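The values are calculated or read from the model by the stated rules, or taken from the named source; none is laboratory data. Please read all numbers here as calculations on a predicted model, not as lab measurements. Cβ sites come from the backbone with ideal geometry, for glycine too, and all protein chains shown count toward neighbours. Protein only, heavy atoms only, side chains kept; ligands, DNA and RNA dropped before computing areas. Shrake-Rupley method; radii C 1.70, N 1.55, O 1.52, S 1.80 Å.
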Amino acid sequence: MEGKPPFRPGLEGIVAAETTISYLDVEAEEIVVRGYDLIELARKKSYLDVVALLLDGRLPTPERRLALQAQLREDSDLPENVVSILKRLPPETHAMDALRTGISALAGHDPDLEDRTAEGNRRKAVRLLAKIPTIVANSFRLKKGETPVSPRRDLSYSANFLYMLTGQEPSEGEVKAFDQSLIVYSEHEMPNSTFAARVIASTQSDLYGAVTGAVASLKGTLHGGANEAVMYMLLEAGSKDNLERIMLDKLARKERIMGFGHRVYMKKMDPRALLMKEALAELAEEKGERMLYEMCETGEQVMQREKGLFPNLDYYAAPVYYLLGIPIEVYTPIFLAARTAGLGAHVIEQHANNRLFRPRVRYLGPRGLTP
Ligand SMILES: CC(=O)SCCNC(=O)CCNC(=O)[C@H](O)C(C)(C)COP(=O)(O)OP(=O)(O)OC[C@H]1O[C@@H](n2cnc3c(N)ncnc32)[C@H](O)[C@@H]1OP(=O)(O)O
Ligand SMILES: O=C([O-])CC(=O)C(=O)O
């Protein structure tokens, strides 16, 4: 209708930006990242390669990769007063709220805070990528009064992150699964959190504000918070039969089952979930833990049969993290840590070609009232 712009609840199907970063090609079942298939990147490259690809637009040369690794190692410690802010949070604080506070508190320490050039934003994104794993791994320890774990500079980025999370030096197989999870979480076109970050950046606000907003978005169970919810459901069930019963009960009460469905892949399997399912099978083999894998398959069959819905990434990332020995409360913070690369790329792109986001509404309220 002329004069009346269309309203789509949840902005479903609306194109909100032009981008060269990524695209979900549902027909081709491909997640395109800077021209590459994300799943192929996860099979053949490491998370640091994908970070460089996202921030610089191309895969790194060996020299660029080494320079990135050195920078990430150098910047991985937290300023003392950020540690003391994290220590003062009440023990009940959700790990995503602690992460949001930590990122926000880091802003004032960054000499490039007000530099919105691509180079300035890249430097900030790399500092965040260096420090976020240290916050994620330590905020849950600090609020319980436990001793923080220092980053190990002799380990690769992913090995160190996993080491800080568990306190144990990981095996090669564990590092591979964790690194792949970081890659598949690194970027995904225009989810709610990336949209939130771009909306914030579009006011010419800074990268720290944009990422802080994205943390708040990602905390919700309809988005990143689902990975933790999946694990609590699997643990509550403890067996295939119980899981089926719990899921059927939830569906009968019209509740949502976490880890299933997706705005873009509602009637197809999320390609990232398939990769994490493979990683789960390998880890289950390595650890002699078939039960969790079999339970997940049961859940998948129940949802297929009852609702025609497929698992999303969170459904299979959660049990992978469980077998890696990672505390459940930091599953969503890990998602954000990995996604910082994509968020950095989106803020760089938004600032490079900015127009303020400012949509309109369809007004349904009264008019003409007298005060
Ligand atoms: C990595 C990620 O962040 S992926 C997303 C992680 N989030 C989750 O796993 C939470 C569970 N999933 C969901 O809630 C949804 O599938 C979302 C939020 C991801 C997508 O939601 P939307 O695109 O808004 O779809 P919408 O909510 O309209 O659902 C469409 C239909 O499918 C049903 N549905 C969708 N997901 C689920 C689910 N997980 N469990 C049960 N029913 C579901 C809805 O009830 C609805 O049915 P109806 O038409 O009979 O009312
Ligand atoms: O794309 C989405 O809406 C959510 C998602 O899977 C992600 O952010 O990885």
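Structure summary
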| read-out | value |
| --- | --- |
| The range 140-250, Rg to Rh (Cα coordinates; Rh as Kirkwood inverse mean 1/r) | 1.05 |
| Per DSSP, loop GluC sites (Glu not before Pro) in the range 64-143 with at most 12 further Cβ within 10 Å | GLU92, GLU114 |
| Length-normalised contact order for the range 226-323 - Cα pairs under 8 Å, 6+ apart - percent | 44 percent |
| Cα-centred dipole magnitude for the chain, charges only on beta-carbon of K, R (+1) and D, E (-1), debye, nearest 20 | 1300 debye |
| Rounded Å value of the spacing that divides the Cα centres of the range 192-233 and the range 23-54 | 21 Å |
| Cα-centred dipole magnitude for the range 226-323, charges only on beta-carbon of K, R (+1) and D, E (-1), debye, nearest 20 | 580 debye |
| Dipole of the range 208-314 [Lys/Arg +1, Asp/Glu -1 at C-beta], most positive-end residue of MET266, LEU280, THR298 | MET266 |
| Anchor LYS267: aspartates and glutamates whose Cα lies under 18 Å away (excluding residues fewer than 8 positions away in-chain) | GLU12, ASP25, GLU27, GLU29, GLU30, GLU297, GLU300, GLU306, ASP314 |
| The range 96-151: trypsin sites (Lys or Arg not before Pro) falling in loop per DSSP and having at most 12 other Cβ within 10 Å | LYS144 |
| Dipole of the chain, positive direction: furthest Cα of LEU323, ILE348, ALA237, with charges on the beta-carbon | ILE348 |
| Span from the the range 288-356 Cα centroid across to the the range 140-173 one, whole angstrom | 20 Å |
| Accessible surface of the range 226-323 [probe 1.4 Å, protein heavy atoms]: carbon and sulfur percent | 48 percent |
| Distance (nanometres) between label positions extended 7 Å along Cα→Cβ at VAL264 and ARG245 | 3.9 nm |
| Of every Cα-Cα pair in the range 208-267, the percent that sits beyond 17 Å | 51 percent |
| Subset of LYS44/LYS250; LYS131/LYS268; LYS44/LYS277; LYS240/LYS268; LYS4/LYS250 violating a 28 Å alpha-carbon distance limit | LYS44/LYS250; LYS131/LYS268; LYS4/LYS250 |
| Helical mean residue ellipticity (222 nm; -39500 (n - 2.57) per DSSP H run of 4+; nearest 500) of the chain | -18500 deg cm²/dmol |
| The range 226-323 - Kirkwood radius from inverse mean 1/r over Cα pairs (Å) | 13.2 Å |
| Positive-pole candidate from ILE246, ALA210, HIS223, dipole of the range 181-259, charges at beta carbon | ILE246 |
| Among PHE178, PHE357, PHE161: highest mean-square fluctuation, GNM of the chain, C-alpha pairs under 10 Å | PHE357 |
| Check: the range 163-284 dipole with +1 on Lys, Arg Cβ and -1 on Asp, Glu Cβ, in debye | 720 debye |
| Under Karplus coefficients 6.51, -1.76 and 1.60, residue-wise ³J(HN,Hα) of the range 293-298 in Hz, glycine/proline x | 4, 5, 4, 4, 5, 4 |
